[in-house]
Amino acid sequence: MSDRAVFAWVIDGLNRRLAEPSGDPKQRRVYNALRAWIVSGELMPDMRLPSSRLLARETDMGRNTALGAIDQLVAEGFLVAREGAGVYVTAVGFAGLSDTPNAPTSDRLSQRGRAVLAVSPDDAVTHPAFTLGMPALDRFPEARWRRVVRRHQRPGAQQALHYRTHGGHPDLKAAIADYVRLARGVVCQADQILITHGTQQGLGLVATLLADGGDSAWIEDPGYLGARAAFQAADLRLIPVPVDDDGLDGSAVASAHPAPRLIYTTPSNQYPRGVTLALKRRLALLETARQHEAWIVEDDYDSELRYVSSPLACLQGLAGGAPVIYLGTFSKTLFPALQLGYIVVPRALISRFRRANARLFREEDPALQAALADFMNSGEFAAHIRKMRRCYRRRQAALREALAPATNAGLRLSSGAAGLHLVAYLDSIAQETRLVDEGAAVGVSLARLSTYFIGGRTEPGLVLGYAGADEAEIARPGGWLARAWRASQDDGS
């Protein structure tokens, strides 16, 4: 292309750009246009550009404006000024390069990354009636909570600005230790508590500090996807352990696989089945851990939220010196955005857990931790849990009532003795797929039970949250699901 043709092309293009509405100054718009054409290859290496005088005259801009844009591109290496000959596109070829900042050279993920994403939720908005793990935010005493938080957010000493490596606010650790000793039967003192950003961080710490890549980790099947993701991210070998009406059955895998380094379990309220680990199996699990020098990771999921009996004592306190790391969280009992959880660690390990946590994650807001300690010590926390038990009983009853046309016709539901969800057991994967797809078409998001299995076996069903919606919000999607299930039965899905 001749210089004259290039000049005409550039001037016409700039006139079009400058005629478009924009809040940017002319110099920036000229710079952006020329740079984009160079990077895309529309202006090729060694092409000569119009002079600043010609650009100013033909585009109705000041010469200093044109000079400013050209000088910036010269300084950045996109253009080169040749004495007595004019300004040229640099000889370096930019064609094919993306003009998007920080564009990746490849979207290829590691095997661990792909495994983690496979069990990670997407960003789809779900109907509150079936959202999993969501407590009754509409019943949280927000005004009282905010008053407590404000009291602890007043300007404090300079010490509060420093890095913190103590494993959490001492008042909160003491409050948690008192609570889990009384309510959960945990054997611990305050100095064995480590405050975390939630259960997921705790699982990551345990996997990092207590297991090496390739070590075996027993994990419930079906089981909590967050634990699976944490252990996969640590490159552990996952051994699926079947769960029946008595909970995790370690005897089913003990002789067929290498000795475990970690054993993950939700004994008080198994996720997602909702069963309780039988006492005989609890004792057997403790013995297995001792024999193999393994650690049991006890995730006390929804332990406080039991509706047919008092909360059961935890596995950690069942025997003296039990090889158990105990994890708890406030996300379900209070609200998820609080992002506070805790680990109870044996005294021989706690200093190492504190040091690793300080290096890898740092510590959460001390004012927020102090506020939560006050909330617990004042009795507000215990009162809120009692209120929530009554609330969740009513909401579970509302879901059962909405599903009654289906359950009367044979749909099986889990016992609902504890927790924030029910499981509806189905006849086939085809039926599960049909209901999930039909739900998506009408704005009802349903979680598949089959996705919680990691081994070769699987079981069809739906995991239905009910805690985050009031009775009126539960009725419509619950009624729809009852009708959809009966239609799928009639059609033989």
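All of the numbers you see were taken from the coordinates with simple rules; none came from a lab. What you see is a predicted model; the values in this text were computed from it and never measured. Positions of Cβ are backbone-derived with ideal geometry, glycine not excepted, and every protein chain shown enters the neighbour counts.
Specify the inter-centroid distance of region 1-24 and region 179-218, based on alpha-carbon positions, in whole Å.
64 Å
For LYS332, give me every one of the aspartates and glutamates with a C-alpha distance below 12 angstrom, ignoring sequence neighbours fewer than eight places off in its own chain.
Cross-link targets: ASP300, ASP302, GLU304.
Can you list residues from other chains, or at least 5 along the same chain, whose modelled amide H is less than 5 Å from the amide H of ILE239?
Residues meeting the amide H criterion: ALA217, TRP218, ILE219.
Students often check this: by mean Cβ neighbours within 10 Å, which of 220-228, 203-211, 274-282 ranks highest, and how do the rest follow?
220-228, 203-211, 274-282
Considering region 419-493, what Rg and Dmax in Å follow from its alpha-carbon atoms?
Spelled out, the Cα radius of gyration and Dmax of region 419-493 are 12.5, 39 Å.
Helix-only estimate, please: 222 nm mean residue ellipticity of the chain, summing -39500 (n - 2.57) across DSSP H runs of length 4 or more and dividing by its residues, to the nearest 500.
-13500 deg cm²/dmol
Can you check what the Kirkwood hydrodynamic radius comes to for the chain, Cα pairs only, in Å to one decimal?
With all distinct Cα pairs of the chain included, I get 26.9 Å.
So, in Å, what gap is there between the alpha-carbon centers of region 238-304 and region 65-89?
After rounding, the separation between the Cα centres reads 70 Å.
Which one of GLY250, ASN269, LEU286 is farthest out on the positive end of the charge dipole of region 161-380, using unit charges on Cβ (Lys, Arg +1; Asp, Glu -1) and the Cα centre as origin?
Among GLY250, ASN269, LEU286, the one farthest towards the positive end of the dipole of region 161-380 is LEU286.
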